[in-house]
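Reading through the structure tokens given below for one structure.
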Amino acid sequence: MSQQQKIFKLIKPPKEINGEETIRECCEQLGELYKYFKHEIIHNPTDIELRDGLKIVSDNHDHVINDPIYSKEMKEHFTNSFGWITIAYNILSDKSLRSIYNEKFLKKYIELEQPIQEINRYLGALVYVLNLPFKTISYQISKPNNRLSTFEIGKSIYNSRGLGGFIGGTFFSLAVDTVYSFIDSCMLPIFGFSINNPNRSLLSTLYIIFIAFTRIPCNFIIDLIYCAPFSMSTFEIIKNILFRDGIGGNSYKFSNIYYSFIWNFIIYLVVYKIILFSNSIVFKAQLKSKENPNSMIYKFLSSPIATALIQASMLWPVLMIRYQYANDFVQSFLTNSSLPVSVNPISIAIRMYNQNGIKKFYDGFLTCGFPFYLLTNNYSKHLSTIK
């Protein structure tokens, strides 16, 4: 199929558009329409921008349909949603229909959404601050010789460093996030994310590789900052721990920044698949809850608490394994040992089990892991009036 034929197939609506009636029905299904094409409601996108947005949605839809990790119910939901998004495209790309939507529907969404966006902005900052203690404590829990409870670790950090002890790697982490937000805004056009670019798939793959080769090392530095002694500054950690060249060496080994890169890359892929799988479980529970409104089991399984429990139970052990790479690196510095050999995650897991049993994978799960994922994943999901 040629590019032009695929575009035509994309923009053909699955049902006839009947003016205001269809617009109302589409809004009931999707909520505010502009957001599906990655544009703010105050923006007036061109036909090309709308078509580019639809192509991105189409690619995501094709990925979901062809990925076995998604359940049958979720694939059906994505297919149904994509049909309505195609209708939304036809509404917004028609001047008269867009005018009706802007005048009779969009104003309502602006009035409803603006105060909620303000709440989300402040709530997001609050959640980030509340998560700092859980994030800091999680690294201390992961240490092989740790025998303290979550409360005891928190008390120890506060007694030795005060509240400042809970924000060790925060500034570097914020700097990394800021840089990558800038990169996303600047590099996406450069890497050809346009429907008119015949090399779009290749360039998007190159972009993912670029992000992996830059972001994963930054995340490893963040792990080192949290795992290193609190008495060391970020500069000292990078200079003396990350770039050191063996025992007592005075030279620097800058390739250390890619220590365990392959294994961390695999771990991030596993995390991605786990999130998709857990989301499919919750989505299936939500569908069952609608079919059985009186079922307390399905209501619980589709709740934010159950979502956090499901994700934490699968992701927390993976997180504990990932942290061991930074722990090993820091420990080799503290004991003046040679640089540790990077081993695969399975070997790390076997070592953890042999040293501390299965319990090590779930240390701090209820008191640290569950609150962390509850705050991170659910604070904004149920605030917006726009679907």
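The values are calculated or read from the model by the stated rules, or taken from the named source; none is laboratory data. Quick caveat: nothing in here was measured; it's all calculated off a predicted structure. Quick reminder, even Gly has a Cβ in these numbers, built from the backbone with ideal geometry, and neighbours come from all protein chains shown. Heavy atoms of the whole protein, side chains included, go into the accessibility calculation; ligands, DNA and RNA do not. Shrake-Rupley method; radii C 1.70, N 1.55, O 1.52, S 1.80 Å.
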### Summary
Of those in region 331-352 that are under 26 Å from M314 (Cα atoms) and in contact with a helix residue (DSSP H, G or I) (Cβ under 7 Å, 6 or more places away or on another chain), the residue surrounded by the fewest Cβ atoms within 10 Å (Cβ to Cβ) is N344
## Note on the structure
Within region 217-230, the residues that are assigned to a helix (DSSP H, G or I) and open to solvent by less than 20 Å² (accessible area, probe 1.4 Å) are P217, F220, I221, I222, D223, L224, I225, Y226, C227
#### Entry: Which numbered condition L339 fails, given (1) farther than 25 Å from M74 by Cα; (2) of a type outside the set (V, I, T); (3) assigned to a helix (DSSP H, G or I)
(3)
### Task
Scan region 5-46 for residues that are at pLDDT 70 or above, aliphatic (A, V, I, L, M) and either open to solvent by 20 Å² or more (accessible area, probe 1.4 Å) or part of a loop (DSSP other than H, G, I, E, B) (or both) and jot them down.
I17, L33
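Please find, among S138, S156, the residue that is open to solvent by less than 30 Å² (accessible area, probe 1.4 Å) and in a helix (DSSP H, G or I). Give the steps one after another, and end with the answer.
Values: S156 fails: open to solvent by less than 30 Å² (accessible area, probe 1.4 Å).
S138 is the lone residue from the list that is open to solvent by less than 30 Å² (accessible area, probe 1.4 Å) and in a helix (DSSP H, G or I).
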#### Entry: Those residues of region 300-337 which are at negative phi and among the polar types (S, T, N, Q), in sequence order
S302, S303, T307, Q311, S313, Q324, N327, Q331, S332, T335, S337
### Message
Given the options Y379, Y362, name the one that is surrounded by 13 or more Cβ atoms within 10 Å (Cβ to Cβ), at pLDDT below 85 and within 23 Å of F277 (Cβ to Cβ).
### Response
Y379
### Task
Would you check if there is a residue in region 346-356 being modelled with pLDDT under 90, closer than 24 Å to F134 by Cβ and among the aliphatic types (A, V, I, L, M)?
no
### So F243, is it at pLDDT 85 or above, within 30 Å of T178 (Cβ to Cβ) and loosely packed, with under 13 Cβ neighbours inside 10 Å
no
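Quick one: which residue in P317, P371 is buried (at least 17 other Cβ atoms within 10 Å of the Cβ), at pLDDT below 90, of a type outside the set (G, A, S) and in a helix (DSSP H, G or I)?
None of the others qualify; the one that does is P371.
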## Note on the structure
Per the filter on region 132-162, residues of a type in the set (V, I, T) and within 23 Å of the chain's Cα centre (by Cα) are T136, I137, I141
### Query
Out of region 294-312, which residues are buried (at least 17 other Cβ atoms within 10 Å of the Cβ), part of a helix (DSSP H, G or I) and either out of contact with any Gly (no Cβ under 6 Å at 6 or more places or on another chain) or of a type in the set (D, E) (or both)?
Y298, L301, A306, T307, A308, L309, I310, Q311
#### Entry: Selection from region 161-177 of residues that are open to solvent by 40 Å² or more (accessible area, probe 1.4 Å), more than 13 Å from S233 (Cβ to Cβ) and small (G, A, S)
A175
### Message
Let me confirm something: among I267, I275, which residue is in a helix (DSSP H, G or I), modelled with pLDDT of 90 or more and within 15 Å of the chain's Cα centre (by Cα)?
### Response
I267
### Task
Go over the candidates S201, S289, S260, S233 one by one and state the one that is at pLDDT below 85, open to solvent by less than 60 Å² (accessible area, probe 1.4 Å) and of a type in the set (S, T, Y).
S289
